[in-house]
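**Student:** What follows is a single structure, and I will ask about it in a moment.
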Amino acid sequence: MSDPVMGTLYVVATPIGNLQDISERARQVLARVNLIAAEDTRHSARLLEHFNITTPMVPCHDHNERTSSNALVQRLLAGESLALISDAGTPLVSDPGYHLVRHARLAGVRVVPVPGACAAIAALSAAGLPSDRFVFEGFLPARSNARAARLQALAQEARTLVFYEAPHRLLESVLAMAEVFGGERQAVLARELTKTFETIHGASLAELAQWIATDSNQQRGECVLLVEGLNEKAGKDAVDAESQRILKLLVAELPLKKAAALVAQITGVRKNLLYQWGLEQGL
Ligand code: SAM
């Protein structure tokens, strides 16, 4: 590869665990640019040291990115070449970099991606769930109410859902998903990808919650959660959590038949199915 082009911002993906996953091009760019903007310079120092790269680094993280991007864009406009990296994987994917990239592009700076590892894509590629269309949701809100509202908004999504999750919140998130999407919905937990304890486990949400609850090792390390989208046919034949909630509210004021008819109009679930479900619940 020839020397990096002057005044170019390279967005460089780094490994998500296995250091062999860095590309030859990424190594060359990192070694040859004038400056590396890193999410955490101390963390990335270990990566650079491993590859004998001595390029100077400056911090570029969530807390300073808006202010630091101004100075970085000035340096780019003055002709320096710069690489942006995050702690792991592809910058801007649930990681800092958006403000710098946007600012650089608005200033007319050339922005070049140097692609590589990304946990969401690695997980999707090995999960065995439909992958022709998918939705990347990043991290769910930490608070239970906000998380339930977000999941509710996704309940009718037919595409495969991809989430990042912190290990200490994994179990409660899977339980919340089972509650909103239904325990039978298929899911895959992809944990510690490319590392020694890599685990890719597929099961229904209810089974997955059980598995995680009984094996605390599954609540360690880094993980991606994938959930199959709503199956159109199954969806029509299922009474989702939101329909159940509304039906229970209405049945307090109306006969079951009327309540079921109203819920059918609101949520699109078949009236007879709602009526049947109501009878089963003793409503
Ligand atoms: N930019 C990164 C990427 O391209 O994947 C993601 C950064 S985000 C701050 C970190 C989250 O990504 C973790 O909490 C986890 O959900 C997921 N992740 C990162 N590395 C992973 C790995 N080796 N195995 C499973 N999930 C991983």
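The values are calculated or read from the model by the stated rules, or taken from the named source; none is laboratory data. Since the structure is predicted, the reported quantities are computational estimates derived from the model, not experimental observations. When we count neighbours, we look across all protein chains shown, and the Cβ atoms used for this are built from the backbone with ideal geometry, even at glycine. For the accessible areas, the whole protein counts, side chains as well, though only heavy atoms, and no ligand, DNA or RNA atoms are used. Shrake-Rupley method; radii C 1.70, N 1.55, O 1.52, S 1.80 Å.
**Student:** Relative contact order for the chain using alpha-carbon pairs under 8 Å, separation at least 6, rounded to a whole percent?
**Tutor:** 16
**Student:** Next question, about the same structure. What is the angle, in °, between the Cα long axis of helix 205-214 and the longest principal axis of the Cα atoms in the chain? Nearest 10 is fine, range 0 to 90.
**Tutor:** Long axis of 205-214 versus the principal axis of the chain: about 70 degrees.
**Student:** While we're here: Which of the aspartates and glutamates could be linked to Lys195 by a straight reach, that is with a Cα gap under 16 Å, when you skip same-chain ones fewer than 8 residues away?
**Tutor:** Excluding near neighbours in sequence, the set is Asp21, Asp87, Glu222.
**Student:** If you don't mind, there's one more thing I want to ask. Mind pulling the angle between the C-alpha long axis of helix 41-50 and the longest principal axis of the chain? Nearest 10 degrees, somewhere in 0 to 90.
**Tutor:** 70
**Student:** So what's the back-of-envelope 222 nm ellipticity for the chain, counting only DSSP H runs of four-plus at -39500 (n - 2.57) apiece and dividing by all residues, rounded to 500?
**Tutor:** That calculation yields -12500 deg cm²/dmol at 222 nm.
**Student:** Just name one of Ala241, Leu262, Gln281: the one whose Cα is farthest towards the positive end of the charge dipole of segment 239-281 (beta-carbon charges, Lys/Arg +1, Asp/Glu -1).
**Tutor:** Toward the positive end, the furthest listed residue is Leu262.
**Student:** Nearest 5 percent is fine: what portion of the DSSP beta bridges confined to the chain is antiparallel?
**Tutor:** Percent antiparallel among DSSP bridges in the chain is about 45.
**Student:** Could you give each residue of segment 113-119 its phi-based ³J(HN,Hα) in whole Hz, using Karplus coefficients 6.51, -1.76, 1.60 with θ = phi - 60°, and x for Gly or Pro?
**Tutor:** x, 10, x, x, 5, 8, 4
**Student:** Determine, from the Cβ-Cβ distance of Ala146 and Asp87 and an R0 of 35 Å, the FRET efficiency 1/(1 + (r/R0)^6), rounded to the nearest 0.05.
**Tutor:** Taking R0 as 35 Å, the efficiency between Ala146 and Asp87 is 0.90.
**Student:** I would also like to ask the following. Kindly express, to the nearest 10 degrees and within the range 0 to 90, the angle between helix 241-251's C-alpha long axis and the longest C-alpha principal axis of the chain.
**Tutor:** 30
**Student:** Over 12 Å, how big is the tail of the calculated P(r) for segment 239-281, in percent of all Cα pairs?
**Tutor:** For segment 239-281, the share of Cα pairs beyond 12 Å comes to 45 percent.
**Student:** With charges set only on the Cβ (+1 for Lys and Arg, -1 for Asp and Glu), what does the dipole of the chain come to about its Cα centre, in debye to the nearest 20?
**Tutor:** So the magnitude is around 700 debye.
**Student:** Rounded to the nearest Å, what's the spacing between the alpha carbon centres of segment 1-50 and segment 239-283? Just the number, please.
**Tutor:** If you average the Cα positions of each part, the centres end up 56 Å apart.
**Student:** Amide H neighbours of Ala238 under 5 Å, at least 5 residues apart or on other chains, H built in the peptide plane: list them.
**Tutor:** It is none; the list stays empty.
**Student:** Ok, one more. Please list log₁₀ I(q)/I(0) at q = 0.15, 0.22 Å⁻¹ for segment 120-231, using the Debye equation with identical point scatterers on the alpha-carbon positions.
**Tutor:** Scattering profile of segment 120-231, log10 relative to I(0): -0.55, -1.29.
**Student:** Arg32 to Ser131: FRET efficiency via 1/(1 + (r/R0)^6), r the Cβ-Cβ distance, R0 35 Å, to the nearest 0.05?
**Tutor:** So the FRET efficiency works out to roughly 0.50.
**Student:** Rounded to the nearest whole Å³, what is the per residue volume of the convex hull around the Cα atoms of segment 8-117?
**Tutor:** In segment 8-117, the Cα convex hull volume per residue is 84 Å³.
**Student:** Hey, another quick one. Hey, if you put +1 on the Cβ of every Lys and Arg and -1 on every Asp and Glu Cβ in the chain, which of Gln20, Leu35, Pro96 ends up farthest toward the positive end of that dipole?
**Tutor:** Pro96
**Student:** Write down the accessible area per residue of the chain in Å², having rolled a 1.4 Å probe over the full set of protein chains.
**Tutor:** Value for the chain: 53 Å² per residue.
**Student:** Taking only the alpha-carbon atoms of segment 1-47, what semi-axes of the equivalent ellipsoid follow from 5 times the gyration tensor eigenvalues under a square root, in whole Å, largest first?
**Tutor:** Calculated on Cα positions only, the semi-axes equal 19, 14, 8 Å.
**Student:** Would you pull out the residues with amide H under 5 Å of Val114's amide H, same chain only if 5 or more places away, H placed 1.01 Å from N?
**Tutor:** When sequence neighbours closer than 5 places are left aside, the close amide H contacts are Val11, Val12, Ala13.
**Student:** What residues qualify as long-range amide H neighbours of Gly7, i.e. H under 5 Å apart, gap of 5 or more or another chain, H built at 1.01 Å from N?
**Tutor:** Gly79, Glu80, Ser81
**Student:** Got a sec? Which residues in segment 100-118 would a label at Thr67 touch, if it sits 7 Å along Cα→Cβ and we count backbone N under 17 Å?
**Tutor:** Within reach of a label on Thr67: 100.
**Student:** I would also like to ask the following. Read phi for every residue in segment 256-271 and hand back ³J(HN,Hα) as whole Hz from Karplus 6.51 cos²θ - 1.76 cosθ + 1.60, θ = phi - 60°, with x for Gly and Pro.
**Tutor:** For segment 256-271, the Karplus-derived couplings read 3, 4, 5, 4, 4, 5, 5, 4, 4, 5, 6, 10, x, 6, 4, 4 Hz, x marking Gly and Pro.
**Student:** Then there is this: Which value, in Å to one decimal place, does the Kirkwood hydrodynamic radius take for the chain when every pair of different Cα atoms is included?
**Tutor:** The Cα-based Kirkwood calculation yields 21.4 Å.
**Student:** What list of ³J(HN,Hα) values in whole Hz, one per residue of segment 101-108 in order, does the Karplus curve 6.51 cos²θ - 1.76 cosθ + 1.60 (θ = phi - 60°) give from phi, with Gly and Pro shown as x?
**Tutor:** 4, 5, 4, 4, 5, 5, 7, x
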